[in-house]
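The structure appears right after this line, and notes come after that.
Just so it is clear, none of the values below were taken in a lab; they were calculated from the coordinates. All of these numbers come straight from a predicted model, not from anything done at the bench. All Cβ positions, glycine included, derive from the backbone under ideal geometry; neighbour counts span all protein chains shown.
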């Protein structure tokens, strides 16, 4: 048995496995259709919510309340998604930051529920605001996830080509 041949084939096998593993990681890239759909969801959610507020007959301070909840919720879900992803990738995230992110997401949802519950709006209008709000939050989460995935894949590809 030729020892040199055995060692070489083992090294070749290891190299092939490493390349296949990298290829599998890069195959996790979100499709352009999915990326476009998530951007569409964010834009539709935000536009519908804001157009609804613009055309509403409520007072300006009430419109400001709902707009502030929208901004708070979007920032909170993006922050929470980042913290969850960092934890999954073994990047250090303080438990306080992680906990505060959850608290703010829940608080924004509760503030919307309380605001809509006490609002002098038709039930269909309340449903419209709730659905467009949730659509905006979901879209923001997925856009942030796609952005992070694409950046990760770009960095890995650059490292591999270097």
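A few notes on this one:
- The Cα-based radius of gyration of the range 59-144, divided by its Kirkwood radius, gives an Rg/Rh of 1.06.
- Relative contact order %, the range 35-162, counting alpha carbon pairs below 8 Å whose residues are six or more apart: 46
- Gyration tensor over alpha-carbon atoms, the range 99-162, equivalent ellipsoid semi-axes in Å: 38, 14, 4
- Peptides 62-71, 32-41, 131-140 ordered by packing proxy, namely the average of other Cβ atoms within 10 Å per residue, highest first: 131-140, 62-71, 32-41.
- Packing around the peptides 92-102, 42-52, taken as the average count of other Cβ atoms within 10 Å per residue, puts them in this order, highest first: 42-52, 92-102.
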